[in-house]
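Here is the structure we will look at, set down as structure tokens.
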Amino acid sequence: TQRVENEKETSPTLEYNLDYVKRYKTEGRELKASVQYSNNDETENANYTEGFYENGIFAGNDLIQRSENAEKQKNIIFTTDYVHPISKDSKFEAGLRTQLRKIGNNYLVEELVENNWEKIAAFSNQFKYNEDVHAAYAIYGTKVKKFSYQAGLRAEYTGLRTELIETAQVNPRDFINLFPSGHINYEFAGQNQVQVSYSRRIQRPRFWDLNPFFTFADNRNIQSGN
């Protein structure tokens with residue numbers, strides 16, 4: 001078989017940032033805040049032709065398809081961080097972070113049948129994805145002779161909502177996670193040192209990992225989220 005794909009993609013992106021920094025008289029003490037807004041529209045249009053070879057000769061295209069994938073994404077991130085020195089070798093840090101993400105994805109696959117374009121329902125869908133993450137953290141660090149210590153804790157609240165428009169399936173989820181971290185560092189003579197550390201992290205699923213309709217290239221290459 002021979003399958004040919006011609007695709008055109010447009011992806012205009014806008015991003016705005018606003019930053020604020022306040023420094024106090026005490027050395028090392030400061031407050032930082034920032035707001036970031038981004039808007040991304042991505043449209044992919046693809047045409048597919050497919051045909052067979054018979055005895056080494058291409059017999060022509062007997063399958064013609066097309067797809068359109070329109071995705072809109074808005075993202076707002078707000079962060080604030082405060083650093084407060086307690087002494088020459090000790091300091092306290094705290095901060096907040098909020099991320100609001102909204103994604104809409106319309107995916108349409110059609111096949112030419114008797115000069116009419118017919119929708120392939122198994123691969124077409126409208127998917128909405130909303131993700132809100134609110135986090136707060138605190139860190140304390142100090143140094144005693146050749147030892148330095150640091151301990152921190154971050155708490156996160158996550159709210160997710162996915163919706164399949166055509167089948168009216170809505171799946172809301174929300175949960176709270178705690179992420180402790182800490183390290184102990186010892187300095188040897190010269191520039192050598194050894195450190196033991198611990199941290200807990202989270203790997204969030206990508207937007208496409210949660211979309212049950214992922215992509216369509218050909219009947220041997222179909223990928224789907226869960």
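The values are calculated or read from the model by the stated rules, or taken from the named source; none is laboratory data. What you are looking at is a predicted structure, and each value in this text was computed from that prediction instead of being measured. As a convention, Cβ positions derive from the backbone with ideal geometry for all residues, glycine included, and neighbour counts pool all protein chains shown. The protein model used for the area step is the full one, side chains on, heavy atoms only, and it has no ligands, DNA or RNA in it. Shrake-Rupley method; radii C 1.70, N 1.55, O 1.52, S 1.80 Å.
What to note about this one:
- Every residue from region 124-166 that is open to solvent by 70 Å² or more (accessible area, probe 1.4 Å) and either of a type in the set (Phe, Trp, Tyr) or closer than 19 Å to Thr98 by Cα (or both): His134, Tyr140, Phe147, Tyr149, Leu153, Arg154, Tyr157, Arg161
- Against the test of being exposed (fewer than 15 other Cβ atoms within 10 Å of the Cβ), of a type in the set (Val, Ile, Thr) and either out of contact with any strand residue (DSSP E or B) (no Cβ under 8 Å at 6 or more places or on another chain) or assigned to a strand (DSSP E or B) (or both), the options Val21, Val35 yield a single qualifying residue, Val21.
- Residue within region 184-204 that is surrounded by 15 or more Cβ atoms within 10 Å (Cβ to Cβ) and of a type outside the set (Asp, Glu) present: yes
- Region 13-46, subset small (Gly, Ala, Ser) and within 27 Å of the chain's Cα centre (by Cα), residue farthest from Leu96 (Cα to Cα): Ala46
- Residues of region 45-64 classified as part of a strand (DSSP E or B), more than 10 Å from Arg3 (Cα to Cα) and not acidic (Asp, Glu), total: 8
- The one condition in (1) in a strand (DSSP E or B); (2) open to solvent by 50 Å² or more (accessible area, probe 1.4 Å); (3) not basic (Lys, Arg) that Phe179 fails to fulfil: (2)
- Within region 78-110, the set of residues being over 30 Å from Pro172 (Cα atoms) and of a type in the set (Phe, Trp, Tyr) comprises Tyr82, Phe92.
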